[in-house]
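The values are calculated or read from the model by the stated rules, or taken from the named source; none is laboratory data. No experiment lies behind these values; they were computed from the predicted model shown. Cβ atoms come from the backbone with ideal geometry, glycine included; neighbour counts cover every protein chain shown.
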Amino acid sequence: MEKKEFDYLLRIKNLKVHFPVKAGIIFDHVIGWVKALDGVDLTIKPSQVIGMVGESGSGKTTLAKVLLLLEKPTKGEVLFEGKEIHSLDDWELKAYRRTIQAVFQDPFASLSPRLRVQEIITEPLKVSSNLGKEELDNRVGEALHRVGLDTGLRRVYPHELSGGQRQRVAIARAISTDSKIIILDEPTSALDVSVRLQVVHLLMDLQKDLGLSYLLIGHDLAMVAYMSTDIAVMYLGKIVEFAETKELLSNTVHPYTQALMAASLPDHPRNKRERAALSGEIASPLNVPPGCRFHPRCPGKKNICQGQEPSLMAVGKNHWVACHLNNAGSQDC
Amino acid sequence: MEKKTLLQVAGLTTYFFAFARTRIVKAIDNVSFEVNAGDRLALIGESGCGKSTLAASILRVLPPSGETVSGKILFEGEDLLQKSNKEMTRIRGRKIAMILQDPMMSLDPVFTIGEQIGETLEQHTRLRGDSLIQRIKELLLAVQIPEPERRIHQWPHEMSGGMRQRIVGSIAISCEPQLLICDEATTNLDVTIQLQYLKLLKDLQQNTGVTLVFITHNLGIVAELCEYVIVMYAGKIVERAPVMDIFDSPAHPYTRALLDAAFGLQDLRKRRPIPGEPPNLASLPLGCSFNPRCKYADDHCRKEEPPEVTLAAARSAKCWYPVRG
């Protein structure tokens, strides 16, 4: 079979997800739209770890749901090997589901309490392929070995495992299908401090060994920066800044990213500095401010910010920013 | 200037009993510490190390399976463990207040914001009618909630997470308590809102002189806000020191490991994880509780529990081989 090579795994183009808000009991009618995602462009390449940061309500999880086919986009498209993921035929859909897997925040909720570890790990394989029993057993053993769990644990139920072990099972499930992209939605926020780093290192090692791509969703900028090759900063359903991790940290352009960096806490009392806390809260996606969506909280806003919405512009190599304040004059990086 | 001791906990031991008292979970084991009036103390450690149980023991709000079996909790010189339930009701909320992690759980969804703040005030003060309303508005302004006239009639579900946590804060300070215990008070908030909240707490502390005890596992909060640090592991205090010393020269291997495992934006170099998992409190290892995870542990550590060694003024570590700074 002829196969065309693509230099990307997934390409997201102008993706919008709007949820209708309805009123009325019998004759309900739409009274507004919650704009969870409002025009997102993103390309995920092989072996790339894209960190996605932003406050709750910025649309990070909605994006993950669209990629996992749990939510239908209102507009825009997601291309997988050149095809829109929502118009794949059955055969292609199985291949897509094998390619993309997810690990969620709470391993107590994401593992079925009625299935043994073995069944949990083989479930995505059974759905998306027709491997025999022996092959399935081998896959489970290999996946458990890869995540650093004893293969004897295949017979136990999730309640017999600790939080860290459960998250390892969830990771084993995600890699068992030879997946290429794993969506990590806050993979460590439910874990203890000392176990958290073990899981982070496990994920980083797997990424290197298996050549995986990650879409890492998190709100802890320090943790996301530690793991990612690139970072996308989201605000109210849009990406406002995108750059390689080092570039983003050393040459932060968007005022929101600057505020996120300033708000992250010091790692030593000596590094404590006086800084202004960002005023206000993220606006409701039901009522997106006109113009630049960040302008009500922006310390340096100008007139243009209230009237015209900025689009993503390149300010350096692989560095894009959507901000009027930096459109001119910052090309020299 | 000599500081006054506000809270003195001595030999506090709290156990949980399971399976008809056949299994004992030693949640807090012989814990002693002091808090001076006006201090900002951090209590750090992983979940299950006894931080929250310690707070619940001080306020005497342990679940039915828990019991404080021995020790003393001297608050302003009086032992809270000797007080009757009625006396404790007068202390909780008025002298010692607490902010919990989840503002959706600590606010009642069927009462308005005004009613919930007013409840505490009616319980402990003689404010009624207009002067009560006036005080509620003052409190809302004190936690930087604009338009108190409108907010007072709103319900918890109409507010964002950050706003709800501010309301909980306003209830906690409503009777001007001497001691405010914040149990993971900012864990559920977004980073920008977390910074706003920490600033608010710091301002409140400076304006009212309230003593803050911050229970957290986030070392960033400790660095940002606190003056003294107590590190707990498996129900025991393993190290205590001023905040600078904890970050500069941690004496206990566990403290050192916690610092090595923390993420920081200033430093993206490879971090070192702590091997293993926290121990089961119902069957602790023999000797030092940390020994199975400690890279310095030897036979001595595996056989005998280490004593608490004083290293300097206000500094100690519970370890056979503490690092002397």
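Some points to look at:
- Residues being under 22 Å from B:ILE24 (Cβ atoms) and not in a helix (DSSP H, G or I) - total across segment B:277-305: 16
- Candidates B:ALA97, B:ALA20 - the one that is exposed (fewer than 14 other Cβ atoms within 10 Å of the Cβ), hydrophobic (A, V, I, L, M, F, W, C) and farther than 20 Å from B:VAL231 by Cβ: B:ALA20
- In the set (1) closer than 21 Å to B:SER32 by Cβ; (2) among the β-branched types (Val, Ile, Thr); (3) surrounded by 23 or more Cβ atoms within 10 Å (Cβ to Cβ), the condition left unmet by B:VAL309 is number (3).
- Looking only at segment A:153-201, residues that are within 14 Å of another protein chain (Cβ to nearest Cβ), under 24 Å from A:ASP137 (Cβ atoms) and either of a type in the set (Val, Ile, Thr) or under 18 Å from the mean Cα position of the chain (by Cα) (or both) come to 1 in all.
- Under the condition of being under 22 Å from B:ARG164 (Cβ atoms) and not in a loop (DSSP other than H, G, I, E, B), the residues counted in segment B:57-106 number 10.
Yes/no matrix, rows are residues, columns are (1) away from chain A (no Cβ under 14 Å); (2) in contact (Cβ under 8 Å) with a residue 60 or more places away in the chain; (3) surrounded by fewer than 14 Cβ atoms within 10 Å (Cβ to Cβ):
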| position | (1), (2), (3) |
| --- | --- |
| B:LYS270 | no, no, yes |
| B:PRO292 | no, no, no |
| B:ALA297 | yes, no, no |
| B:ARG302 | yes, no, no |
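- Boolean, B:VAL323 is more than 12 Å from chain A (Cβ to nearest Cβ), touching a Phe, Trp or Tyr at 6+ places or on another chain (Cβ under 9 Å) and either at pLDDT 90 or above or in a loop (DSSP other than H, G, I, E, B) (or both): no
- Tally of residues being surrounded by 16 or more Cβ atoms within 10 Å (Cβ to Cβ), part of a helix (DSSP H, G or I) and of a type outside the set (Lys, Arg) across segment B:157-168: 6
- If you go through segment A:140-152 and keep only what is closer than 15 Å to A:ARG116 by Cα, over 25 Å from the mean Cα position of the chain (by Cα) and in a helix (DSSP H, G or I), you end up with A:VAL140, A:GLY141, A:THR151, A:GLY152.
- Any hit, segment B:190-209, residues being in a strand (DSSP E or B) and more than 12 Å from chain A (Cβ to nearest Cβ): no
- Evaluated against (1) within 19 Å of the chain's Cα centre (by Cα); (2) within 12 Å of chain A (Cβ to nearest Cβ), B:ALA262 falls short on exactly one condition, (1).
Every residue, every condition in (1) closer than 19 Å to B:ILE274 by Cα; (2) modelled with pLDDT of 95 or more; (3) of a type in the set (S, T, N, Q), yes or no:
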| site | (1), (2), (3) |
| --- | --- |
| A:LEU125 | no, no, no |
| A:ASN130 | no, no, yes |
| A:LEU136 | no, no, no |
| A:GLU142 | no, no, no |
| A:LEU149 | yes, no, no |
| A:LEU153 | no, no, no |
| A:PRO158 | no, no, no |
| A:SER162 | yes, no, yes |
| A:GLN165 | yes, no, yes |
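- Subset of segment B:1-56 [among the acidic types (Asp, Glu) and in contact (Cβ under 8 Å) with a residue 40 or more places away in the chain]: B:ASP29, B:ASP39, B:GLU46
- Of the criteria (1) touching a helix residue (DSSP H, G or I) at 6+ places or on another chain (Cβ under 6 Å); (2) part of a helix (DSSP H, G or I), which one B:GLU138 fails: (1)
- The condition of being assigned to a loop (DSSP other than H, G, I, E, B), among the polar types (S, T, N, Q), more than 21 Å from the chain's Cα centre (by Cα) and within 14 Å of another protein chain (Cβ to nearest Cβ) holds for only one of B:GLN144, B:GLN154, that being B:GLN144.
- Looking across B:CYS288, B:CYS226, B:CYS294, B:CYS301, one residue alone is under 22 Å from B:TYR15 (Cβ atoms) and of a type in the set (A, V, I, L, M, F, W, C). It is B:CYS288.
- Count of segment A:265-304 residues which are among the charged types (D, E, K, R), more than 10 Å from every other protein chain (Cβ to nearest Cβ) and in contact with a strand residue (DSSP E or B) (Cβ under 7 Å, 6 or more places away or on another chain): 1
- Matching residues in segment A:1-56 - criterion: being modelled with pLDDT under 95 and of a type in the set (Gly, Ala, Ser): A:ALA23, A:GLY24, A:GLY32, A:ALA36, A:GLY39, A:SER47, A:GLY54, A:SER56
- Subset of segment B:69-87 (residues that are more than 20 Å from B:ALA27 (Cα to Cα) and more than 19 Å from the chain's Cα centre (by Cα)): B:GLY77, B:GLU78, B:ASP79, B:GLN82, B:LYS83, B:SER84, B:ASN85, B:LYS86, B:GLU87
- When B:ILE221, B:ILE246, B:ILE274, B:ILE215 are checked against the criterion of being assigned to a strand (DSSP E or B) and either touching a residue at least 60 places away in the same chain (Cβ under 8 Å) or closer than 30 Å to A:MET261 by Cα (or both), B:ILE215 stands alone in meeting it.
- Strands (runs of 3 or more DSSP E) lying entirely in segment A:178-256 (those with 1 or more residues that are in contact with a helix residue (DSSP H, G or I) (Cβ under 6 Å, 6 or more places away or on another chain) and farther than 16 Å from A:TRP320 by Cβ): A:181-185, A:213-217
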